[in-house]
Amino acid sequence: MPSDNRPLSPHLQIYRLPFIVVLSITHRMAGVANTIGALLVIYWLVSLASGPDAFERAQAVLGSWLGLIILFLFSLGLFYHLCNGIRHLFWDVGKGFELDAAKRSGQAVIACAVGLTALVWIVAFATGGA
């Protein structure tokens, strides 16, 4: 094969992914993380049904600093996936496909996910739930 002086395709360290592509990838990642988080909820429910000792151990694990970080990230992923799913419902009916509208709705998804997560955690700590 002859060696041309054609440019090589840029790799991920050089190429900047479009904002909408990043949102799509994180939506998929949030879906996988929600599946793993659901296993955490199942663990908590099984410990609740298994008696006070098992429940106390689960509460200690989930109430630790690492457990709280995992729960925070799980709730953020859950709200992000929910908000982005609503955005996809609008796309299903043909609304918001224009580049500007897609970018604005993506920014709104991030803002809503962060806002809902903050609201849930503020209420949880204010009522002594965490």
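Could you tell me which residue of the stretch 76-118 is farthest from Ser24 (Cα to Cα), considering only residues that are among the aromatic types (Phe, Trp, Tyr) and crowded, with 19+ Cβ neighbours inside 10 Å?
The residue in question is Phe79.
Table: residues versus (1) exposed (fewer than 13 other Cβ atoms within 10 Å of the Cβ); (2) not small (Gly, Ala, Ser).
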position: Ile25; (1), (2): yes, yes
position: Gly31; (1), (2): no, no
position: Ala38; (1), (2): yes, no
position: Ile42; (1), (2): yes, yes
position: Ser47; (1), (2): no, no
position: Gln59; (1), (2): no, yes
position: Leu62; (1), (2): no, yes
position: Trp65; (1), (2): yes, yes
position: Ile69; (1), (2): yes, yes
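Does any residue in the stretch 41-58 that is polar (S, T, N, Q) come within less than 9 Å, Cβ to Cβ, of a residue that is open to solvent by less than 60 Å² (accessible area, probe 1.4 Å) six or more places away or on a different chain, and which pairs are these?
So the pair list comes out as Ser47/Ala54; Ser47/Phe55; Ser47/Ala58; Ser50/Ala58.
For the stretch 59-74, give me each residue that is touching a residue at least 60 places away in the same chain (Cβ under 8 Å) and in contact with a helix residue (DSSP H, G or I) (Cβ under 8 Å, 6 or more places away or on another chain).
Leu68
Can you tell which of Leu48, Leu73 is assigned to a helix (DSSP H, G or I), farther than 14 Å from Ala111 by Cα, in contact with a Phe, Trp or Tyr (Cβ under 6 Å, 6 or more places away or on another chain) and of a type outside the set (D, E, K, R)?
It is Leu48.
Assuming Gly128 fulfils every condition listed in (1) modelled with pLDDT of 95 or more; (2) open to solvent by less than 80 Å² (accessible area, probe 1.4 Å) apart from one, which condition is it?
So the condition that Gly128 fails would be (1).
The values are calculated or read from the model by the stated rules, or taken from the named source; none is laboratory data. Nothing here was measured: the structure is a model prediction, and the numbers come from that model. When we count neighbours, we look across all protein chains shown, and the Cβ atoms used for this are built from the backbone with ideal geometry, even at glycine. Ligands, DNA and RNA are excluded from the accessible area calculation, which covers all protein heavy atoms including side chains. Shrake-Rupley method; radii C 1.70, N 1.55, O 1.52, S 1.80 Å.
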